[in-house]
Amino acid sequence: MKGFGFSSIKPRVIDYDRNNRTVSEYILEREPSFSLCIACGACAATCSAANFTEMSLRKLNIFLKRGENDEVRRIMNRCMLCGKCTLVCPRGVNTRNVIFITQQAFKKLDNYAV
Amino acid sequence: MEAGWKHQKTLSMPENKERHIVVIGAGTAGCTAAGQLAREGYRVSLIEKEGRPGGKLNSYYQLFPDRRKSEEVRDFLLAEIDSPLIILKPDTDVESIKKNDAKWLVTTTRGDLPPADAILLASGFDLFNAERKEEYGYGIYDDVITSLELEEKFRSGSILTSKGFPPGRVGLVHCVGSRDEKVGNFHCSKVCCVTAVKQAIEIKEMLPGTEVFCFYMDMRMFGPYYEELYREAQEKWAVNFIRGKVSEASENIEERLVIKVEDTLAGKPLKMQVDLLVLMIGMENAQSGLRVGEDLGLDVGMNGFFKVRDNHYGNNRSNLTGVFYAGTCTSAMNITDTISHARAAVVEIDTYLNTSGKELKS
Amino acid sequence: MKQEGKKRIWKEFQKEIPGDHFFFVRSCIRQSFFPGSEQFLIKLLREDLGKDIFEDPRHTTCTGIGYHGDVVPFDTIQAVVARHFALATEHGYKDILISCVTSFGIYEEIVETWKHFPETLEKTRENLYKATKREFEVPRTILHTSDAVYKFKDEIASRARYPLIDRLSGKPVRAVEHIGCHYSKMFPKYGVGGAEFPHTLVGMIESWGGEVIDYPERRHCCGFGFRQYLVQANRGYSMSNSLKKFESMEPYRPAFVLANCPGCTMFMDKWQYTIREQEGKTYGVNGHGIPVLTYEELAGLVMGYSPWDLGLQYHMVQSEPLLDRMGIPYDSKDKYLARDGSRMEAPKNLINA
């Protein structure tokens, strides 16, 4: 195929119907408080890792719920599991557990032994 | 309802039975005010342009925050106006109002009323015409409906799309016709957010397998137990909340609606198919009330609602002595606050009439 | 879908379109890429419909390409446009007929700017006088040529020899219409039908017997925009926009695309070639491309003019499948004949050829 010096751009629209949300459903089954998140950002505001890395649990929760798992994989491992997020969440989400379970879910998807 | 609501002559001053108040509008505010006025011994003419009292309450299903049946509140209003001192005139419009000394002469489409000592304007609100937001395709795409139409579906006992099936996915769009410079309504209609949450829960209750999405700009859960209702919607009913405006609705080849929305929290645009799109239409001052206001010379605020004499302690008074306001003709309100506002209007009328009609100092 | 709802919106956005005495200004792209279209428009209005359409040979490009490409400043383009108004005033015309949609947008933008900021109008009068000693009046109406064809669509329908009916099935031909962004998205009140449900091309297709397809990406931009594609590497963005539209309209199997903007017509026609080469995909019935027509070409076809006189042979996607469908007779031998009867070389890499 010919090239003309440019290429088409993949749309960055979140195609909700095409995205796969099984990771989000997996988390919700094991940590029901995940449903309470309102993306207020209190967790991200207090996060130790957010000062120097892209870690933001607020964003990760949204991406998970939309099924945009690639972004989550990239950033997830910056979390140091300090637990400050759980202390401040106004809705009572067990954020640290959400992160644990997410990591578990991705490990399962990648077929690594836990 | 307690038996004590029936008309006891509690606070009536003996002079009141010589006085006649005209209440324009027999909705939530009008009926509450009329009932309280009658309880105090006034004679009331209650004018209503529709065929029956109750206003918009006649169309609602369950009321927030506790999801009690709207019929119960409507029955309360009907009991309020069940008094020999209240003359209800349904199917009646106001044609003109003229002042004669300290009295008001009201001409209606069904004849003249006896001179009134005070006028209470309780003309209520109109819902925003959703066709004006052309991009949502209301009136064009079959499955785009308003929140009022959804209430009617609840009352009918089934939610079906235009194809006759229950919807697999429903989207509710907040702020349609409110907080929107493009349609000329800067104001927030206050109650649509909690209505959307309530309706989302009601849909999930009727159709547990259906996915429900609320597309909001903010979640204005201002009243008692409203925030708790929001929490319940997420926790118990798995309602999804996506923050962002819906830019357009269109139809795809399967005749499902396709909507585009900015997912502000993800920072990306999002598109999805829905089977039913519900527009949470806002409140505007009723055209029927504005016509009366124009005839009388009532000031209208920048937001289209009537201007009250004082925003804090005079929000039942108009710019005209002897003309008072009750309810949503002054601003968007929920039912609880409308009832409180109507009762406050009665206190203002009392004070006005029992100080020999002297000009109230604001 | 409820048609009555659409009709209510169209009624809200009705435009005053004069019926005669037009001062015509040409389009750069149409003259180069769709020469048959502009020729036919003048012929249609002048000869077939007997209208007065006047062209001053001294008129120039509106410099829209330069303006939108950030090369020509706003003051300059105001003076250029004012000069055209001066030419119109000189000949006594009050209604300007504009061939290009971007041009139309620019003329509207300038006149609106003058309305809201009268000092810019004074400045432009001064600039034009200093440069050319000309004076001008602001025209009464600014029209796009698709508005004119829209106005006369019923006359064209009454002369239709080949209405938009599929010869084999007897059903209306189903088509996609595409309105240029500068036509109604900038000033919805100056476009027939407004911004969300524009009616100019829908009205034409429906009067001539066809059926219009509404598909999810109907309102989306085709990606044209001088700034986008001036730099080669950015053309991927332009192409991706058209690609998005094609992907969305594909399930509906449209017989053709009708566009009123020269840029859109050019892009949607030519990108089908690029997409075929780069992505390996063609659209349309049986994998042949979807012919993209201008409204004059469609009007001409419907009225029975030869497709080769209209210039359809210069499109990337050839229209033979559509011509067959409508039952229009043609001879492929005559396609590339020059005026003197000699045969020109046929372009390569055409789709549907």
Problem set entry | Residues of region C:28-66 with amide N under 20 Å of a point placed 7 Å along Cα→Cβ from C:ASN234 | C:28-29, C:62-66
For this session: Treat the count of other C-beta atoms within 10 Å as a stand-in for reagent exposure and order C:LEU323, C:LEU143 from fewest to most.
Result: C:LEU323, C:LEU143
For this session: Within 10 Å of each Cβ in peptide A:29-42, how many partner chain Cβ atoms are there on average? Round it to a whole number, please.
Result: 2
For this session: Report the Stokes-Einstein translational diffusion coefficient (µm² s⁻¹, integer) for region B:238-286, Rh taken as the Kirkwood radius over Cα pairs, at 10 °C with viscosity 1.306 mPa s.
Result: 128
Problem set entry | Cα-based equivalent ellipsoid of region B:130-283: semi-axis lengths in Å, sorted from largest, via gyration tensor | 20, 20, 16
Exercise. Ordered by packing density, taken as the mean number of other Cβ atoms within 10 Å over each peptide's residues, highest first, how do B:43-51, C:341-349, A:50-58 rank?
Worked result: B:43-51, A:50-58, C:341-349
Exercise. If each residue's Cβ is checked for other Cβ atoms within 10 Å, how do B:SER123, C:SER99 rank with the fewest at the top?
Worked result: C:SER99, B:SER123
Exercise. Using unit Cβ charges (K, R positive; D, E negative) and no other charged atoms, how large, in debye to the nearest 20, is the dipole of chain B about its Cα centre?
Worked result: 620
Exercise. Semi-axes of the equivalent ellipsoid of chain C: what are they in whole Å, largest first, if each equals the square root of 5 times a C-alpha gyration tensor eigenvalue?
Worked result: 33, 22, 22
Seminar exercise, completed: Debye calc, one equal point scatterer per Cα of region C:17-145, no solvent, log10 I(q)/I(0) at q = 0.11, 0.12, 0.18, 0.20 1/Å comes to -0.37, -0.44, -0.99, -1.20
Problem set entry | Selection of GluC sites (Glu not before Pro), region C:2-79, meeting DSSP coil and at most 13 other Cβ within 10 Å | C:GLU16
Exercise. Under 5 Å between amide H atoms, partner at least 5 residues away or on a different chain: which partners does B:LEU276 have, H built in plane at 1.01 Å?
Worked result: B:ARG169, B:GLY171
Seminar exercise, completed: Helix-only [θ] at 222 nm, chain C, -39500 (n - 2.57) per DSSP H run of 4+, per residue, nearest 500, equals -13000 deg cm²/dmol
Exercise. Kirkwood hydrodynamic radius of region B:168-240 from all distinct Cα pairs, in Å?
Worked result: 12.7
For this session: Return the long-range amide H neighbours of B:GLU248 (sequence gap of 5 or more, or a different chain), with a cut-off of under 5 Å between placed amide H atoms.
Result: B:LYS260
For this session: Give me the percent of Cα-Cα pairs in region B:258-321 that sit more than 18 Å apart, rounded to a whole number.
Result: 59
Exercise. What is the local net charge at C:PHE246, summed over the other residues whose Cβ is closer than 14 Å to its Cβ (Lys, Arg +1; Asp, Glu -1)?
Worked result: +2
Problem set entry | Prolate/oblate/rounded label for region C:185-274 (Cα gyration tensor, a/c 1.5) | oblate
Problem set entry | Interchain or long-range residues, amide H under 5 Å from B:LEU88's placed H | B:LEU46
Exercise. How big is Rg to Rh over region C:84-170, alpha-carbon atoms, Rh as the Kirkwood inverse-mean-distance radius?
Worked result: 1.21
For this session: Sum -39500 (n - 2.57) across every DSSP H segment of at least 4 residues in chain B, then divide by the residue count to get the 222 nm mean residue ellipticity, nearest 500.
Result: -7500 deg cm²/dmol
For this session: Could you run the Debye sum over the Cα atoms of chain A, one equal point scatterer each and no solvent, and tell me log10 of I(q)/I(0) at q = 0.15 Å⁻¹, two decimals?
Result: -0.66
Exercise. Kirkwood Rh over Cα pairs of the protein assembly as shown into Stokes-Einstein at 25 °C, 0.890 mPa s: D in µm²/s?
Worked result: 78
Exercise. From a point 7 Å beyond the Cα of C:ARG134 in the direction of its Cβ, which residues of region C:59-84 have a backbone N at a distance under 20 Å?
Worked result: C:59-68, C:72-84
Exercise. Suppose every K and R has +1 on its Cβ and every D and E has -1 on its Cβ; what is the size of the dipole of the protein assembly as shown about the Cα centre, in Debye to the nearest 20?
Worked result: 1740
For this session: Place a +1 charge on the Cβ of each Lys and Arg in region C:119-207 and a -1 charge on the Cβ of each Asp and Glu, then give the dipole magnitude about the Cα centre in debye, rounded to the nearest 20.
Result: 260
Exercise. Tally Lys/Arg at +1 and Asp/Glu at -1 over every other residue whose Cβ is under 13 Å from the Cβ of B:ASN334; what's the total?
Worked result: +2
Seminar exercise, completed: Listing C:PHE117, A:PHE6 by rising number of other beta-carbon atoms within 10 angstrom, fewest first, gives C:PHE117, A:PHE6
Problem set entry | Ratio of Rg to Rh over region C:231-334 (Cα coordinates, Kirkwood Rh, two decimals) | 0.98
Exercise. Over region B:227-362, what number does the Rg to Rh ratio reach, with both radii from the alpha-carbon atoms and Rh per Kirkwood?
Worked result: 1.18
Problem set entry | For region C:153-334, the spread of Cα positions along each principal axis, largest first, Å | 44, 41, 29
Exercise. Tell me, what ³J(HN,Hα) does each residue in region C:270-278 have, in order and in whole Hz, if you take phi through Karplus 6.51 cos²θ - 1.76 cosθ + 1.60 with θ = phi - 60° and put x for Gly and Pro?
Worked result: 6, 5, 5, 5, 4, 5, 4, 6, 8
Problem set entry | Cα pair count fraction exceeding 24 Å, expressed as % - chain B | 59
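Every read-out reported here was derived from the displayed coordinates using simple, explicitly stated rules and does not represent laboratory data. Computed from a prediction, not measured in an experiment: that's the story for all the values here. Glycine gets a Cβ as well: all are built from the backbone with ideal geometry, and neighbour counts include every protein chain shown.
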